Structures are given as structure tokens and as C-alpha cells.
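A quick write-up on the structure given underneath.
The values are calculated or read from the model by the stated rules, or taken from the named source; none is laboratory data. This one's a predicted model, so the numbers in the text were calculated from it and none came from an experiment. Here the Cβ positions follow ideal geometry from the backbone for every residue, glycine too, while neighbour counts run over all protein chains shown. The protein model used for the area step is the full one, side chains on, heavy atoms only, and it has no ligands, DNA or RNA in it. Shrake-Rupley method; radii C 1.70, N 1.55, O 1.52, S 1.80 Å.
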Amino acid sequence: MRDDSAPIIRLEDYRPSDFLIDRVELDVRLHPTATRVTATMAIRPNPHGRSDAPLVLDGDEVNLKALALDGRSLPGGEFEASSQGLTIAQPPRRPFTLSVETEIDPTANTKLMGLYRSGGNYCTQCEADGFRRITYFLDRPDVLAVYTTRIEAERAEAPVLLGNGNPVEAGAIEGTSRHYAVWHDPHPKPAYLFALVGGRLGRVAKTFTTMSGREVRLAIYVEPGKEDRAGYALDALERSMRWDERVFGLEYDLDEFNVVAVSDFNMGAMENKGLNIFNDKYVLASPETATDADYANIEAIIAHEYFHNWTGNRITCRDWFQLCLKEGLTVFRDQEFSSDERSRAVHRIAEVKALRARQFSEDAGPLAHPVRPTQYREINNFYTATVYEKGAEIVRMLKTIIGDADFRRGMDLYVKRCDGTAATVEDFLSAFADVTGRDLSHFAQWYAQAGTPRVTVTGTYDDLARTYRLDFAQATNATPGETVKRPMAIPIRLGLVAQDGSALATRSDRISPQGVFMLDRESDSLTFTNVPQRPAPSVFRDFSAPVKVALDLSNDELLVLLRHDTDAFNRWQAAQSVSLRLLVRLSKHEKVDGPEIAALAAALGSFLESDALRDPAFAALVLTQPGEAEIAQEIASEVDPDAVHRARTDLRRHLAQANTTLLRRLYDDLEDAGAYSPDAASAGRRALRNIALELLPAADRFMGEELAGAQFKAAANMTDRLAALNTLTTIPGKARENALASFGERYRDEPLVLDKWFTLQAAIEEPETLSRVESLLNHPAFALSNPNRVRSLVGSFAMLNQTQFNRADGAGYRFVAGTILRVDALNPQLAARLLTAFSSWRMMESGRRAQAKAALTQIAVAPGLSRDASDIVHRTLE
Ligand code: 0A1
Ligand code: ZN
């Protein structure tokens, strides 16, 4: 089907399935090109469905080989089958057994959905609708079945056979070179949580005793020979399990928990029941091959998938519109876990940076949609920052509003009520409404309305009356299909800071005991009495709501907050706000006085003097200037990316020049001689040292180049080596080229490390980069079929390199568009993801805008475009 005509699926059209499947017995005989699957399903009419409906099973690229109903082979006239579905017009109106045999080709499966091969191993990916690529089924999340899976394979090809649930039996098939394993999962689940794996895999394992004393075998399976890189993931898994017991009282519910790392995977990882399948980049780590950021990601994603066991699997989604029910909540849970394991303030800042970079930009562009969308053409395009990260912010706001104790009571009730069901956002909210007695109907609008609210905050001090008034106003820009916006219920955690840095009392009956003021209309104000002097307001502490804030404070007042606020998030925010203001004005060629920049430089200098060694990770964040994409977002229209790049380079030079001695001293003081440890404190020291290294060449190119060159050679871990190489990439010349060449050679057999190397090169902001990237497409380690490689090279170029992707001559757009079309023929999901790089095209100046539009149009008219790519390209052009 040519797919801009793909039907629109709407939330309002939801109706229960006409049939249910209670049990499935799957028999899968693995073969590289002709895998045979027999599904025996116990089906019955759904009492909530229509009584005269046909049975319509979903299918996608499956070949029907045999079909029997209650043991009787069905004659041709009684059913209709195509590669896309199977219909029985007159099924029995009582429980019956349907047995379907299909054949599929896992080797030809380059979409990486359904059963496919990765590095010679067999694995599956069924969310959102990949199970229908394995057999005909009611492939929808509200059909929950108990699965028994028998897997059979050549023992030499696949000595390891894994399925969902608990192992039942395994053995040889007499007289053949084949063997089998049977797995049974007692927990009813939707088809998207089905998984199997067959292959040659190494493993690390340990035993975990749950809080009620049950023993669970934990194992991580990786490419043989890489077992020593799986230890951190296993440790993170154990800590996640303990944390979920301690914080939410949630215990694991099977005898085994298995994680398998595969090298070809469309996303980060997948929470299949008892058998998580991971992109190997989020499992494998050693000090020599992984950075601190990799370790932190592994910890977070291992936790995320594990936490899905309750929020996603035990309680699943009624339909795909409810995706945020599992994803937003589970992201919230993994963020809380990481905050508890690391530094809460530092983690919060990292979350907000990611939210602004990914979600705020999505909300401001053509792909904006509510956290719970009301329609889609291709569900795979809705695994977005809005559903995930903004979804998590909603849960966090709920906790901020009702407080920690009621939040936990609400979660307990939600789990108790909805366990074993396919639930909705309403089910979730009603648990919290019921435990608190609150009306959450206005709050619920966060799920329904797209766009990022902008809150304006104005402070007025009356020195006669000694009162201080805060005026708040909110507005949200129109988003596609939603022109009228209503006011949201916005929790504002706030405090007042005196000029001398002391905290002022903020008594008001409109502020909750947790220090939260609710802004729930278009405008409102709050007056404080007995305020001895004009304070600086510290609003949205800890980023209490996902909004943009316009605060009428001078740069000097903001810098008081950097020094004195008790809220670490707002200290960081204050410095960022000052930088961002200066960067926007510099980018627009507006006049910026020397003293304004000097004031920021001096404030950063004295901050570093007093705080850097006390909390290096936090200091590193304070020192990091807003990125070019964020500056462009702030400018919002007629953006000239070259001007933005120059502005950022200039500001960094000024800041570095004013603080050269200090930065150099930090660089020297933070040198770490001990063995590498990925813990947060050690990582924080490395982060600060490496940001100092990154800034030094801006002040003194020769010193910077020398330091980076020396660090590159001497580095004892990947974090430091990559940071040195990153700094070198900003300094054109021989040293850089030699370092790049030696890195490429050293890690030629380490694809995940080469990904970092691809990314660094794709991000170099020089006109020569495009041809560099084009020639790297021919590097022996590169493959268009592997999502990690494509994202590292082409994705990084499109998403990270603002000046070169957005080249004025359009060559960057044309290159990316052309590559997307090649990728689309293999893997539509991957192509659609790359396409989202174009979503900021309308804010560019007119020349670039025209070039981007031409490139997008070239994609839109391409013959045979996938539904995934077509959906994105049409929404982007609309
Ligand atoms: N549920 C997974 C994300 C995921 C979604 C789709 C996938 O295949 C296309 C794979 C993974 C998670 O939230 O981790
Ligand atoms: Zn998830």
C-alpha cells in the first residue's frame, strides 16, 4: 500500500475485541530462512464484544501453511488469508481451539520487527505490533493470554534457547542434530511482550533472593567472549530489583529473569516478560570501551526495563493511546532510581536538559502531540520524548502536588486495582484521586493538551508596605490541530532569596506545606507580607513543571541566585538563563557590552573557586554552556545557525579567557591516578576536568591542544580518552587527524567504540564534514542495516551538527534525505526516526527553509515510501 493513505486510528473508536485468546501454545522450529511456527490458541467470544462478528486475526508478511479449528482442517471456503491477515467469517460462538501454522524468513527481516537475526542469533521484537509478523493473532494489548513456547533449533547454531516465563523442559531430539526447550509464562500478557531468543551466547549469572524469600536466577547473555563486560548491567539489575522492593514494595514474580544483548536493535531495549532484549550498547561496558555516560545509561535502562515488570507488564495498556501509562510512569521510576543511586540534583539537571532538548523542541514543531495522543497512522512513530519524558514529568508533578506519602498510597492502590488488567490513564489517575479525595480533572489535561506552557513571572516590591507580589501568567502556543489552548494546572515550587543570600519566609495560605503554589488559571498573583527588602524569587524549584519560564530578573539578580539559592536546580538554571540571554543577543547581532559578559565570567569564576571541588559534577553542569540547538529554539524564527555557532564560540572564548588560570588549576587538581570506577563521584570529577579541558583551547589553543594530545595518549579509560579526542576535534590540524586515525585503528574491532568515533567526526562543525561523513559510509565497520551505526554517523550529523546539517547550500539536507531513502527500504522505523531531524526546518531563515522543504519533498514523493516515513514526512511538511 502506498502509505500516506494509511488509515487514521482514533482513540474515540476504541472498542473491546470481539474475541479473546486465553492460552497460546507456540511451537517454533527455528531455521535461518524458513522458520515454522505453529500457534494453538484457546479462543472464545468476548462477552463485551459483538456477538455476530467475524474473527479477524492480524498478520504481516507471514505465510499460512495449515489451519485447523478444533482439530479439523479448515477448507478454503471457510476462511480468507493473506500475508496481512486471516479472517474466519463464521467462527463458533463458543470457546474453540484454532491451530495455525505459518512460515517466516528471519534472515530477510531487516525491519527488526518480529523474528529476526542479529549477528547470527535469533531474536524477536514485538512491541508495538511485531507479533503479527510471527503468526496470525489478535495483536492488540488488551488481549491477554498465557503462553507456553516450545523452541527448537540446530544445537550447533543455537545452543541457547530462551523464552518468556519459567523453563519447563529441554532436551535433544533423538536421532537429529536438533534440540528444544519449553518455557511457560503463567502471567497473562499481551502479544507485544512475547519474546524468544536462540543463539550462541555467553552468560553471567547470579541468584537474587526477593523480599519474601524466593530465589530468582538472574542472567545476562552476551556475545561469547564479552562476558566480562556484562558485570555492571548485572549489578544494576540487582540494585533495581532491591530498589523496587524498598521504594514501591514491588517484588519479582518469576523464577528467572534473563537479559539478552543483541547488536541490531531499533530502540534502547524491550521489557518482554522475564526476557528483556537489549541493544548491546546498553549492556556492554568496560572501562576501556565505555564512558561514564554509557555506565549511567546502562544503569537507567536496565532499571527501566525491569520496572516495566509491574508498570507495563502486570498492568499493561488497554490500547496504544495509553502508551504513556506504562512509559511515562516507568521513566519516572527509572529517574527516581538513578537519583537515589547518584546525585539527585545533578540527575535532575540532566533530566531537564534532555527534556528541553528533545521534548520542548518536539512540542514546538510540526510533530507536537499530547502525552496521550488521540490519533495516529503509525504507532511506532509515537515512542516519543513527549510520551516518555513529558509523561514522566506529569507523574512527577502529581507527586509534587499530593506529596510523597499520598503518592505512594496512590501507587499501591493503582497496583492493587489494576494488576492483571489492560488499563487506561483514567484508571491511573482515579487511584490518586481516590486516596487523596482530590479532583484531578483539571490536572488530567496535561495528558490531553500538546505544547509547552510559557509562564511569565513578575515580581513587585513595595518598600513602604514591605510587601512583595508575584504575578503569574500562562499561555501555550497553538500546536498542529489544536489552536485553542486552555490554562493548565501548574505546580510552582518556590522560595524567596534575599540579596545577601538568606532565605526569606514565604508564608501564604496559597502555598502548600511542600512549598508549592498552584497556578491553575490564565493569571494569578501571590503577595507576601513583612518582606524586609526586595528579594529574588526562586520559582519552579527542582523544575516543578515542564514549562518555559520568563522571569523579569536582571542578569545581576540571576547571578545572586547562582551564588545563594538553596535549590541546586535553580542555581544551575540562573547561570544558564544568563548565558542563554547573551547567546541569543549575540546570535542576532544585537549589542552586548563587555561588562555583561565579564559579569558572567566573574560569577562563574567565583562559583568555581568556592564550589568546584565540593561538587564537581554540579560544577561541570554549571560550566557547560547551552547548546546550539537550544539557542536556536530560543530564537525560534529566522535562525542563522552559523551566527549561533559563532556566538557560542565567542562566549566560550570570553569565559575561558577570563578564567584560564582557574580552569588550568582545576584540570591539574582533578587528575585521578587511581583505578577507574564508574561511581557518580568519580564520574563527576572526570566530567569537571574534561569540561575544563574542553574550554582551555578556547582561551589558549596551543595549551589546549597539548593537554588534549597528552591526555589522549595517556588516558587509562574511555571517558578520558574520548573527551580528549572530542577536544582535539575542535582544533583543525595534524594532531586531530592523527588522533582520529589512531583511535579508528585501535578500536577497529569494537563496533560500539567506533560508533563514538563516527559521532565525533559527524559533529565537527566545518564544511569538510559532509564529505568526511560520506566517505565514512564506506568504512568497513559501517552498515546501513545496523541502527547503532546509522544513528552514530548519519543521526549525529543531522541532530548534533547544526551548521553542517543546516548548510546554506542545502547539501546537508540532501545528503540526509538521500540516506533516509536508502535506510527506509531496509528499516522504516529507523528511517522515520532520522527524519525527525528535519522538524526544526521552519524556524530556519528563508534560504535554508527552502532547501529543507525541497529535501523533504524529495522524500515525500519517493515511490514505495514506508508508512513510518510517510507519516513523519507529511506531518513535517504540513
Ligand atoms: N517499550 C520499550 C521501547 C520499545 C518500543 C518499541 C520497540 O521496537 C520497535 C522496542 C522498544 C521501552 O520503553 O523500553
Ligand atoms: Zn519503557
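If you take the Cα centroid of the range 745-760 and the Cα centroid of the range 672-714, the two points sit 20 Å apart.
Label positions at D593 and R217, each projected 7 Å from the Cα along the C-beta direction, are separated by 7.3 nm. Placing unit charges on the Cβ atoms only, positive for Lys and Arg and negative for Asp and Glu, gives the chain a dipole magnitude near 560 debye about its Cα centre.
Neighbours of F758, meaning other residues whose beta-carbon lies under 11 angstrom from its beta-carbon, give a summed charge of +3 when Lys and Arg score +1 and Asp and Glu score -1.
Computed over protein heavy atoms with a 1.4 Å probe, the accessible surface of the range 597-729 works out to 40 Å² per residue. Of the residues T149, A599, L112, the one whose Cα sits farthest towards the positive end of the charge dipole of the chain is A599 (charges of +1 on Lys and Arg Cβ, -1 on Asp and Glu Cβ, taken about the Cα centre). If R0 is 30 Å, the Cβ-Cβ spacing of E61 and R849 corresponds to a FRET efficiency of close to 0.20. Spin-label model, R10/D340: points 7 Å from Cα along the beta carbon direction are separated by 4.3 nm. Apolar share of the accessible surface for the range 592-671: 48 percent from carbon plus sulfur atoms, 1.4 Å probe. From the alpha carbon centroid of the range 73-130 to that of the range 364-394 is 29 Å.
Across the options I492, S538, T460, the greatest Cα extent toward the positive end of the charge dipole of the range 434-568 (unit charges at beta carbon of Lys, Arg, Asp, Glu) belongs to I492. Dividing the helix sum by the residues of the chain, where each DSSP H run of 4 or more adds -39500 (n - 2.57), gives a mean residue ellipticity at 222 nm of -12000 deg cm²/dmol. Within the shell defined by Cβ-Cβ distances under 14 Å, the residues around A478 carry a net charge of +1, with Lys and Arg each +1 and Asp and Glu each -1. What do you get for the angle between helix 594-611 and the principal long axis of the chain? Use alpha-carbon atoms, 0 to 90 degrees, nearest ten. Result, in degrees: 70.
Relative to the present Cα-Cα distance, how much length would full extension add between S771 and T87 at 0.36 nm per residue of separation? So the chain would gain 241.0 nm between S771 and T87. Each peptide in 199-205, 281-287 receives the mean, over its residues, of other Cβ atoms within 10 Å, and ordering these scores from highest gives 281-287, 199-205. For the listed peptides 570-576, 313-319, 508-514, a ranking on the average number of other beta carbons within 10 Å per residue, highest first, reads 570-576, 313-319, 508-514. Computing FRET efficiency as 1/(1 + (r/R0)^6) for T456 and T40, where r is the C-beta to C-beta distance and R0 is 45 Å, gives about 0.10.
A straight chain from R746 to A170 at 0.36 nm per residue would run longer than the Cα-Cα distance by 203.1 nm.
Packing, as the average of other Cβ atoms within 10 Å across residues, places the peptides 326-336, 152-162 in the order 326-336, 152-162, highest first. Note on E878 and D70: the extension gain reaches 285.8 nm, defined as 0.36 nm multiplied by sequence separation minus the Cα-Cα distance. In the chain, a dipole from Cβ-located charges (positive for Lys and Arg, negative for Asp and Glu) runs towards its positive end, and of T40, V794, T97 it is V794 whose Cα lies farthest in that direction. Annotation: for a label point projected 7 angstrom from Cα along Cα→Cβ of S606, residues of the range 538-559 with backbone N closer than 14 Å are 556-559. Specify the angular offset, from 0 to 90 degrees and rounded to the nearest 10, of the alpha carbon long axis of helix 701-714 from the longest principal axis of the alpha carbons in the chain. Computed tilt is about 40 degrees. Per residue, the average separation of C-alpha pairs within less than 8 Å and at least 6 apart gives the chain a relative contact order of 9 percent.
Remark: relative contact order (the range 417-471) = 18 percent; criterion is Cα-Cα distance under 8 angstrom and separation of 6 or more residues.
Taking Cβ atoms as reference points and 13 Å as the exclusive limit, the residues near N166 contribute a net charge of -3, counting Lys and Arg as +1 and Asp and Glu as -1.
For the chain, what class follows from the C-alpha gyration tensor (a ≥ b ≥ c being the square roots of its eigenvalues): rounded when a/c is under 1.5, otherwise prolate if a/b is larger than b/c, else oblate? Since a/c reaches 1.5 and a/b is larger than b/c, the shape of the chain is classed as prolate.
Solvent-accessible surface of the range 401-491, taken per residue with a 1.4 Å probe and all protein chains present: 46 Å². Sequence-distant contacts, meaning Cα pairs under 8 Å at least 6 residues apart, place the relative contact order of the range 693-755 at 24 percent. Model label points for F702 and R614, set 7 angstrom from Cα along the Cα-to-Cβ axis, are 3.8 nm apart.
Between S523 and Q858, what FRET efficiency follows from the Cβ-Cβ distance if R0 is 51 Å, with the result rounded to 0.05? Once the sixth-power term is evaluated, E becomes 0.65. Using 15 Å as the cut-off for backbone N distance, which residues of the range 111-145 belong to the label zone defined by a point 7 Å from the Cα of A53 along Cα→Cβ? Within reach of a label on A53, which here means backbone N under 15 Å from a point 7 Å along Cα→Cβ, the range 111-145 contributes 137-144. Placing +1 on the Cβ of every Lys and Arg and -1 on the Cβ of every Asp and Glu, with nothing else charged, gives the range 513-671 a dipole about its Cα centre of roughly 240 debye.
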